[in-house]
Amino acid sequence: MNTILMLRHWIFTLLCGPIIFAIINGFTSNWSANNFYGFFQLYPFAIILGLLFSLPTYIFYMLIFLLFKNIKMIYERIILVTIVIIGVFITTALINGIVWFDLAISYSISSIIAGIFFTMYFKNETES
C-alpha cells in the first residue's frame, strides 16, 4: 500500500473525527453558541490526543501490510477501514468514559468516509 495514501487516511480521520463528534453531540444535547466556541477551543487538543491514541492502530496496520504486500487495492481499503474501526472501538472502550461510544462512532464514520473518498479520487495515483 502507498504510505502517502495511508497517511492521508489517518490525517483525514483525525481531523474529521472531532467535527463529527461535535455534530453528533449537537443533535443529542442542547447546542448553543458557548458549546460551539468551546468545541473550537478543544479541537487542537482533540487532534493531539487522537494522534497519540491512534498510533498503536496504525503501527499495527503498517506491520500487517509489510507482511502481506501483494494484496489488491480494494482489499487493502477494506482491511484498513476494518482495522481502524476495531482499533477505535478498543481504544475508546479502554479509555472509557461518558462519551466513549459517541467518540468511537464519530471516528469510525470519519474513517469510512476517508476510505471511500481516497479510493474514489486518488485511485490512479496509487495503482501500480
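Worth a mention:
- One residue stands out in region 70-128 among those that are surrounded by 13 or more Cβ atoms within 10 Å (Cβ to Cβ), modelled with pLDDT under 80 and among the aromatic types (Phe, Trp, Tyr): the one that is nearest to Leu51 (Cα to Cα), namely Phe118.
- Filter result (at pLDDT below 85, open to solvent by less than 90 Å² (accessible area, probe 1.4 Å) and of a type outside the set (A, V, I, L, M, F, W, C)) within region 10-45: Asn25, Gly26, Ser29, Ser32, Asn35, Gly38
The values are calculated or read from the model by the stated rules, or taken from the named source; none is laboratory data. On a predicted model such as this, the values are computed, not experimentally measured, just so you know. Here Cβ is always computed from backbone atoms with ideal geometry, including for glycine, and neighbour counts include all displayed protein chains. Remember, those area values only see protein heavy atoms, side chains included, never the ligands or the DNA or RNA. Shrake-Rupley method; radii C 1.70, N 1.55, O 1.52, S 1.80 Å.
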